[in-house]
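The values are calculated or read from the model by the stated rules, or taken from the named source; none is laboratory data. Only a predicted model underlies this, so the values are computations on that prediction, with no experimental measurement involved. Virtual Cβ from ideal backbone geometry, glycine too; neighbours counted across all protein chains shown. Just the protein is used for accessible areas: all its heavy atoms, side chains included, with ligands, DNA and RNA removed. Shrake-Rupley method; radii C 1.70, N 1.55, O 1.52, S 1.80 Å.
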Amino acid sequence: MGTFIQLVVDGLSTGSIYAALALAIVLVNQATGLINFAQGGMAVLAAYIAWWFTGLGVPLILAILFSVLISFVLGALIERYVMRRFEGGDPDTAVVATIGLLTLITGICGWLFTYNNQQFASLFPLDTVQVFGASISIRSIGTTVVIIAIMLLLQGLFLGTKLGLALRAVAINPQSASYSGLPVGRLLMTGWGLAAALGAVAGALVAPQLTLTPGMMDTALVYALAAVILGGLTSPIGVVLAAWLIGVLENLAAVYVPFIGYDLKVAVPFALIFLVLIVRPQGLFGRKAVVRV
């Protein structure tokens with residue numbers, strides 16, 4: 001029983017890492033209608049910025065706040081001077097552009113900060129507590145609490161605020177939103193800025209649990225995209241639950257399913273995606289898109 005609880009707890013902790021990045025992907029999608037593959041690279045760059053500030057003697061919490069603010073500005077500038085070039089064109093072209101941005105940002109991180117492993121300080125203590133025979137780290141609990149808070153804030157943003165409704169309107173139909181008097185350009189910049197700021201928080205949460213390198217988020221990005229597909233692009237709560245589900249099932253399958261083991265556990269989220277897309281193409285918690293003709 002203790003082993004089972006430990007696997008579940010570790011899965012929830014790992015799933016929180018995926019959820020942090022998945023929430024940023026949902027945010028930029030709800031604000032612009034795009035899947036931003038560069039989100040992982042932007043989170044890594046933000047983590048390096050915070051790490052650089054701590055090297056100058058800035059307290060960790062202030063360093064993270066500075067990186068969040070800088071990331072917001074950087075995200076807005078990327079939308080204004082890069083992504084807007086593809087406005088009105090084929091959406092697939094814009095998605096490919098985000099993949100190019102991911103490669104570019106990763107290369108810039110390696111050029112500025114080298115590809116050596118760096119240690120990033122943790123926001124939370126490294127102590128552990130015992131619960132039903134399982135060891136739970138304070139850092140994992142803190143990360144999970146932050147993810148839940150961000151999830152609720154995003155849900156409230158899109159469902160209960162004028163800004164959230166305006167961002168969704170621009171993502172669904174920019175032309176109609178413009179006719180309604182909404183400042184489409186500024187809203188798109190705001191959406192990208194908020195997503196980049198959220199990515200900075202994700203980077204600060206993930207870097208202490210991994211090792212700070214330019215490719216730190218590569219694997220997490222794959223799992224985050226899986227969580228987005230499973231949970232649904234329109235549901236922050238859905239993607240967090242899907243990320244936790246992926247983390248837990250992956251751990252359980254590695255131990256209790258003999259033919260999977262640790263080598264093939266990466267196949268678990270993709271098997272889940274296959275099954276879910278057959279039954280609910282919009283994801284477990286997503287909404288069906290209605291198009292007027």
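So which of Ala220, Ala149 is assigned to a helix (DSSP H, G or I), open to solvent by less than 20 Å² (accessible area, probe 1.4 Å) and either farther than 13 Å from Gln39 by Cα or of a type in the set (A, V, I, L, M, F, W, C) (or both)?
Of the residues listed, the single one that is assigned to a helix (DSSP H, G or I), open to solvent by less than 20 Å² (accessible area, probe 1.4 Å) and either farther than 13 Å from Gln39 by Cα or of a type in the set (A, V, I, L, M, F, W, C) (or both) is Ala220.
Look at region 182-198 and say how many of its residues are over 22 Å from Gly89 (Cα atoms) and free of Cβ contacts under 8 Å to residues at least 12 places away in the same chain.
0
Do we have Leu275 as at pLDDT below 80 and either β-branched (Val, Ile, Thr) or open to solvent by 70 Å² or more (accessible area, probe 1.4 Å) (or both) here?
no
Can you tell me which residue is surrounded by the fewest Cβ atoms within 10 Å (Cβ to Cβ) among those in region 164-209 that are part of a loop (DSSP other than H, G, I, E, B) and touching a helix residue (DSSP H, G or I) at 6+ places or on another chain (Cβ under 8 Å)?
In the first step, residues of region 164-209 are kept if they are part of a loop (DSSP other than H, G, I, E, B); the result is 173, 180-183, 207-209.
With the extra rule that they be touching a helix residue (DSSP H, G or I) at 6+ places or on another chain (Cβ under 8 Å), the set shrinks to 180, 182, 207-209.
Details: Ser180: 12, Leu182: 17, Ala207: 25, Pro208: 19, Gln209: 18.
Checking each candidate, the answer is Ser180.
Show me the helices (runs of 4 or more DSSP H) entirely contained within region 13-127 in which 2 or more residues are over 26 Å from Leu154 (Cβ atoms) and touching a residue at least 24 places away in the same chain (Cβ under 8 Å).
39-55, 91-113
From the list Ile260, Ile229, Ile246, exactly one residue is open to solvent by 20 Å² or more (accessible area, probe 1.4 Å) and at pLDDT 85 or above. Which is it?
When all the criteria are applied, what remains is Ile229.
Could you tell me whether Gly283 is under 20 Å from the mean Cα position of the chain (by Cα), more than 30 Å from Phe113 (Cα to Cα), crowded, with 22+ Cβ neighbours inside 10 Å and modelled with pLDDT of 85 or more?
No; evaluated as a whole, the condition is false for this residue.
Going through region 146-201 one residue at a time, which ones are within 17 Å of Ala22 (Cα to Cα) and either of a type in the set (Val, Ile, Thr) or touching an Asp or Glu at 6+ places or on another chain (Cβ under 8 Å) (or both)?
If the condition is that a residue be within 17 Å of Ala22 (Cα to Cα) and either of a type in the set (Val, Ile, Thr) or touching an Asp or Glu at 6+ places or on another chain (Cβ under 8 Å) (or both), then Val146, Ile147, Ile148, Ile150, Gly191, Trp192, Gly193, Val201 are the ones that fit.
Take the residues in region 11-61 that are in contact with a Gly (Cβ under 7 Å, 6 or more places away or on another chain) and hydroxyl-bearing (Ser, Thr, Tyr), then tell me which one is most open to solvent (accessible area, probe 1.4 Å).
Thr14
Of the conditions (1) over 19 Å from Leu194 (Cα atoms); (2) buried (at least 19 other Cβ atoms within 10 Å of the Cβ), Asp90 fails just one. Which one is it?
(2)
Could you please tell me which pairs satisfy a Cβ distance under 8 Å, a separation of 6+ or placement on different chains, a first residue in region 150-177 that is at negative phi, and a second residue that is open to solvent by 70 Å² or more (accessible area, probe 1.4 Å) and among the hydroxyl-bearing types (Ser, Thr, Tyr)?
Final answer for the pair search is Ala169/Ser180.
Look through Ile141, Ile78, Ile64, Ile105 and report the one residue that is buried (at least 17 other Cβ atoms within 10 Å of the Cβ), at pLDDT below 85 and among the β-branched types (Val, Ile, Thr). Show your work before the answer.
Numbers: Ile78 fails: at pLDDT below 85; Ile64 fails: at pLDDT below 85; Ile105 fails: at pLDDT below 85.
Just one listed residue meets the conditions, Ile141.
Take the residues in region 232-243 that are assigned to a helix (DSSP H, G or I) and open to solvent by 20 Å² or more (accessible area, probe 1.4 Å); name whichever of them is modelled with the lowest pLDDT.
Selected residue: Ile237.
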